[in-house]
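Novice: Structure incoming, see below.
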Amino acid sequence: MAGTDEDAVAAADDALYVLTAVLLMPAKFPSVLGDDYPEACAALGLPPLADGYGLVLGQDGDGARWTVVIDDVSLVAVAVASWDCGMEYDLSPDERTVVTALPGWPLAVAVAAPGVPVPHDPGPESTDQPALCPPDTTVWGPAQRRLGADEIALQWAQWREQIDDAEFPAPGGGAGSQDGATGDGGEAGAGAGAHDDGGAPADAVDGAVATDDRSGARTFQHGGVRRVLAEASAYIDTPPPLGRVRSSFAPGDARTLRADGPGWSLVARTDDIAFVLLDEEPGEVLPVGRGPALPGLLEALDKMAVRPS
């Protein structure tokens with residue numbers, strides 16, 4: 001068992017009270033841990049195996065937090081699906097499937113096992129490695145930016161209904177042509193205000209400020225959005241690390257597309273618009289209209305994206 005501390009495994013396996021479980025796979029991983037699958041694995045000190053892992057989070061009889069990593073991905077998938085449907089499922093991994101046991105939890109868990117002490121990190125007698133802890137999401141940064149993108153993907157309809165297609169400015173000044181990003185951003189996370197600079201046409205020219213054309217309309221060219229679209233386009237010719245681009249189910253014939261990169265996250269529906277979040281824009285959600293360029297970009301990204309099996 002690669003990277004396994006046998007004493008830690010034994011300690012965690014001794015009456016482990018399972019609280020929750022998550023999948024760690026190329027197409028589905030806790031994005032709070034990283035922009036891609038290898039980065040998320042590295043946060044746990046795990047090699048990025050192609051088949052992925054299941055992470056079982058629980059407490060031992062003393063109340064200590066443990067994350068048990070198993071290679072029986074299907075078992076965890078069934079458990080998670082059952083719990084999501086409100087059904088009970090007794091997740092009891094076979095000892096032969098255990099890859100390693102890690103002290104602490106890499107994710108925030110709001111529940112605790114009844115009848116044992118309150119959750120706490122294992123003592124030094126149980127492990128010789130630092131305990132895992134969730135990324136800090138109290139301030140805006142990569143972890144909170146990715147969580148914001150998760151929320152948009154999960155609550156797409158609520159975010160989409162806030163956007164009036166007629167607000168997308170047209171390059172050259174025509175209103176309502178959906179060629180660029182709307183001038184007002186929503187909020188993702190605490191402490192954020194509305195965005196005033198607007199967004200970028202998908203095929204915008206150089207410049208990052210809003211300018212008035214002869215008709216009086218404003219053409220917005222947000223440099224950050226333009227950078228995201230350029231970097232996402234570069235993924236098509238130079239594939240990024242596994243999991244940087246992921247495709248999942250959406251209503252109809254569409255797909256929900258998620259792409260991440262250094263300092264940015266993009267969420268889109270292949271038949272609709274996109275939303276961009278940036279590390280340098282705390283809490284802001286920047287909508288990007290379809291225009292002539294976005295549909296082709298989303299189609300190309302979807303073809304190269306990893307998908308749940």
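Novice: List the number of the failed condition for Glu151; all other conditions in (1) of a type in the set (Asp, Glu); (2) within 30 Å of Val276 (Cβ to Cβ); (3) in contact with a Pro (Cβ under 9 Å, 6 or more places away or on another chain) hold.
Specialist: (3)
Novice: Which of the residues spanning segment 76-91 are surrounded by 11 or more Cβ atoms within 10 Å (Cβ to Cβ), out of contact with any Phe, Trp or Tyr (no Cβ under 8 Å at 6 or more places or on another chain) and either in a loop (DSSP other than H, G, I, E, B) or not assigned by TED's automatic domain parsing to the domain that holds Ser31 (or both)?
Specialist: Leu91
Novice: Let me ask something additional. Is it the case that some residue within segment 138-146 is of a type in the set (Ser, Thr, Tyr) and either on the phi > 0 side of the Ramachandran plot or surrounded by 14 or more Cβ atoms within 10 Å (Cβ to Cβ) (or both)?
Specialist: Looking for residues that are of a type in the set (Ser, Thr, Tyr) and either on the phi > 0 side of the Ramachandran plot or surrounded by 14 or more Cβ atoms within 10 Å (Cβ to Cβ) (or both), one finds none in segment 138-146, hence no.
Novice: Only one of (1) of a type in the set (A, V, I, L, M, F, W, C); (2) closer than 19 Å to Asp35 by Cα; (3) assigned to a loop (DSSP other than H, G, I, E, B) is not met by Ile163, so which one is it?
Specialist: (2)
Novice: Which residue out of Met25, Met87 is within 25 Å of Leu154 (Cβ to Cβ) and modelled with pLDDT of 95 or more?
Specialist: Met25
Novice: Further question: Exactly one condition in (1) in contact (Cβ under 8 Å) with a residue 60 or more places away in the chain; (2) touching a strand residue (DSSP E or B) at 6+ places or on another chain (Cβ under 6 Å); (3) outside the structural domain of Arg65 (by TED's automatic domain parsing) is false for Ala112; which is it?
Specialist: Exception for Ala112: condition (2).
Novice: Among the residues of segment 51-75, count how many are part of a strand (DSSP E or B) and either under 10 Å from Ala21 (Cα atoms) or not polar (S, T, N, Q) (or both).
Specialist: Here the count works out to 13.
Novice: Out of segment 109-136, which residues are touching a helix residue (DSSP H, G or I) at 6+ places or on another chain (Cβ under 9 Å) and under 14 Å from Ala43 (Cβ atoms)?
Specialist: Gln129, Leu132, Pro134, Pro135, Asp136
Novice: If you scan segment 229-250, which residues turn out to be out of contact with any helix residue (DSSP H, G or I) (no Cβ under 8 Å at 6 or more places or on another chain) and surrounded by fewer than 24 Cβ atoms within 10 Å (Cβ to Cβ)?
Specialist: Matches in segment 229-250: Ala230, Glu231, Ala234, Asp237, Thr238, Pro240, Phe249.
The values are calculated or read from the model by the stated rules, or taken from the named source; none is laboratory data. From a predicted model like this one, the values you see are computed outputs, not experimental measurements. A quick note on method: Cβ atoms are made from the backbone with ideal geometry, for glycine too, and the neighbour counts reach across all protein chains shown.
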